[in-house]
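Novice: Here it is, the structure in full.
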4 protein chains.
Amino acid sequence: MATVFAAIPGIPAALHRAEKDLPYVAYQEGVVFQLLHADVEAGLWVIRVRFQPGVTIQRHKHTGEVFAFTVQGSWNYLEYPEVNTAGSYLFEPAGSVHTLHVPASNSEVTDVWFAIRGANLNLDAENKVESVLDAGAVLEIYLGLCEAGGHGRPNVIGS
Amino acid sequence: MATVFAAIPGIPAALHRAEKDLPYVAYQEGVVFQLLHADVEAGLWVIRVRFQPGVTIQRHKHTGEVFAFTVQGSWNYLEYPEVNTAGSYLFEPAGSVHTLHVPASNSEVTDVWFAIRGANLNLDAENKVESVLDAGAVLEIYLGLCEAGGHGRPNVIGS
Amino acid sequence: MATVFAAIPGIPAALHRAEKDLPYVAYQEGVVFQLLHADVEAGLWVIRVRFQPGVTIQRHKHTGEVFAFTVQGSWNYLEYPEVNTAGSYLFEPAGSVHTLHVPASNSEVTDVWFAIRGANLNLDAENKVESVLDAGAVLEIYLGLCEAGGHGRPNVIGS
Amino acid sequence: MATVFAAIPGIPAALHRAEKDLPYVAYQEGVVFQLLHADVEAGLWVIRVRFQPGVTIQRHKHTGEVFAFTVQGSWNYLEYPEVNTAGSYLFEPAGSVHTLHVPASNSEVTDVWFAIRGANLNLDAENKVESVLDAGAVLEIYLGLCEAGGHGRPNVIGS
């Protein structure tokens, strides 16, 4: 039997969110997400996204690093040959630029967890910054969609 | 149909590892892991761990932050009430101290993906540092176990 | 007498640049800088900047954190009351937005060292992103100005 | 004349500390420091240290990265040939191990600003961890020394 250690006062605790703790809302046609963590001052946001077959996300440049873990389905960045499937790990360094695509031939939802530092700079065809998605922006979007969807105030870590 | 953008020279690319790309090796009785990424100079390591029911990992303190995503099974830190299950996200700040435990009553393997900054300081009962697990140490351990297990040199990101 | 420890093979070493190791080049009228470190994949850039009295830098938003240490002179962000002088430390979190200004009444050059994560999003009056300054952009600018100024290839850390 | 922009509600502000805002206290014989910033959950601490000639600091391993900017004097790590002088920048990656030394022949105080991620693992001759200095430990030490020295509660960023 394992000994139970008490949490020590003054020691930071880990913060947990179960999948059911946070609603999924629509980001764009065919894409829903839950926002698990948004720390504006640290420039950190953690999301889980469910993509319908055939979806494409606007090309963007990252200003910080990204960790992506694929739970189910398949997807790729149009700029790279590798296909992410269940259990894939993808490391996206700062400065990387790519276009997320989910094959139309998929027969199931594609489910991916992302931890993102900094901003997604959404680019137009001339590489101009059309819009910026960062911890503050995604939090505002998520809170608004949750409220509009009758989900109330979600308990996002860091918010 | 989505346009295919070419990778731009000089632009960092994302780095992908499928689950099957890296062998699982034994860390301790009842625990196997794959090392997906180890960047010694950045103090970053990314692992996926499979725990048998009843396993406990030595209590440790983190010097940097950790992201944990649970794929399957259930586990908890003995210091906190929350139970991580499939789809759980856990954020562990720098300075957190805890003891990972997998209930003996589980009927399946528990499968968790972790991205870890800095070191795990493994503590004895008096809070002395008994050993240190960091990107360099885990890489050395993993390479040794892969070679001993006849897996050759694994293609760990950053190594 | 202190014992001399040998550097251990496989252990990362610290990287040093003396002030004279890297040329100062003009960023804009009244502003020269040296680029000490630029790591595109880590989204990190370290610069030292010398400002003439009266200079203003375009308002920008940070996507990551900044450390600023003032060596000499005085300056402030127009959005905040505090004046940075010799020995001041300024921490700029991700998400902060401000406009650097050096008083025209200063009688000496203002000299500031910055370590910057992520990008400066330079904003117009409507908060649109007019341009982006990040590790990759500042490195390209610096290498070009060094070459144009007859300084050859500077030995920037990470480049 | 520069336009004054108002701080925007909800936008993080930069945090300033002038040199005189925080007392210097003794860390060891011949070494005084001020603690400017300590964020336990981010694993970040920022200090400014003044070293008398002849001082040596215990050999340590870093679990995260360090930025060092030298304001005055000269010092080196015994493991490396480079000497840090006024205006030097030193980048210390995670995993680096070294022993700070200030030459006994110096005629002035050596003054260095450090921003440190993670922990300093202070090592004995067999590379065992003798003690750990991190954001939480340095904050506790600093608050205690300030109180003992009659300085009251210092206004450390993040505390």
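The values are calculated or read from the model by the stated rules, or taken from the named source; none is laboratory data. Owing to the predicted nature of the structure, the values given are computational and were not obtained by experimental measurement. Heads up, the Cβs are rebuilt from the backbone with ideal geometry, glycines too, and the neighbour counts pull from every protein chain shown. Surface areas here come from the heavy atoms of the whole protein model, side chains and all, with no ligands, DNA or RNA. Shrake-Rupley method; radii C 1.70, N 1.55, O 1.52, S 1.80 Å.
Novice: If you take the residues of region B:68-91 that are among the aromatic types (F, W, Y), in contact with a strand residue (DSSP E or B) (Cβ under 6 Å, 6 or more places away or on another chain) and more than 14 Å from chain D (Cβ to nearest Cβ), which of them is farthest from B:Y27 (Cα to Cα)?
Specialist: B:Y89
Novice: A further question follows. Look through D:V71, D:V156 and report the one residue that is among the β-branched types (V, I, T) and in contact with a helix residue (DSSP H, G or I) (Cβ under 7 Å, 6 or more places away or on another chain).
Specialist: D:V156
Novice: Can you tell me which residue within region D:1-39, out of those that are at pLDDT 95 or above and of a type in the set (V, I, T), is surrounded by the most Cβ atoms within 10 Å (Cβ to Cβ)?
Specialist: Among them, the one singled out is D:V25.
Novice: Run down C:G136, C:G87 and say which single residue is closer than 21 Å to C:Q34 by Cβ and touching a Gly at 6+ places or on another chain (Cβ under 6 Å).
Specialist: C:G136
Novice: Within region B:61-73, can one find any residue that is closer than 19 Å to D:G43 by Cβ, in contact (Cβ under 8 Å) with a residue 40 or more places away in the chain and in contact with a Lys or Arg (Cβ under 6 Å, 6 or more places away or on another chain)?
Specialist: So far as region B:61-73 goes, yes, one or more of its residues are closer than 19 Å to D:G43 by Cβ, in contact (Cβ under 8 Å) with a residue 40 or more places away in the chain and in contact with a Lys or Arg (Cβ under 6 Å, 6 or more places away or on another chain).
Novice: State whether the residues of region C:40-50 include one that is open to solvent by 60 Å² or more (accessible area, probe 1.4 Å), touching a residue at least 24 places away in the same chain (Cβ under 8 Å) and in a loop (DSSP other than H, G, I, E, B).
Specialist: Within region C:40-50, none of the residues are open to solvent by 60 Å² or more (accessible area, probe 1.4 Å), touching a residue at least 24 places away in the same chain (Cβ under 8 Å) and in a loop (DSSP other than H, G, I, E, B).
Novice: I'm checking my understanding of the structure. Among residues of region B:92-121 that are among the aliphatic types (A, V, I, L, M) and without any contact (Cβ under 8 Å) to a residue 40 or more places away in the chain, which one is nearest to the other protein chains (Cβ to nearest Cβ)?
Specialist: Once the filter is applied, the top-ranked residue is B:A94.
Novice: Which one of the conditions (1) in contact with a strand residue (DSSP E or B) (Cβ under 8 Å, 6 or more places away or on another chain); (2) within 10 Å of another protein chain (Cβ to nearest Cβ); (3) more than 18 Å from A:R117 (Cα to Cα) does A:G64 fail to meet, given that it meets all the rest?
Specialist: Going through (1) in contact with a strand residue (DSSP E or B) (Cβ under 8 Å, 6 or more places away or on another chain); (2) within 10 Å of another protein chain (Cβ to nearest Cβ); (3) more than 18 Å from A:R117 (Cα to Cα) one by one, A:G64 breaks only (3).
Novice: If you go through region B:12-23 one residue at a time, do you hit one that is within 14 Å of chain D (Cβ to nearest Cβ) and assigned to a strand (DSSP E or B)?
Specialist: Checked region B:12-23: no residue is within 14 Å of chain D (Cβ to nearest Cβ) and assigned to a strand (DSSP E or B).
Novice: Considering each of A:V83, A:V71 in turn, give the residue that is out of contact with any Ser or Thr (no Cβ under 7 Å at 6 or more places or on another chain) and modelled with pLDDT of 95 or more.
Specialist: After ruling out the rest, the residue left standing is A:V71.
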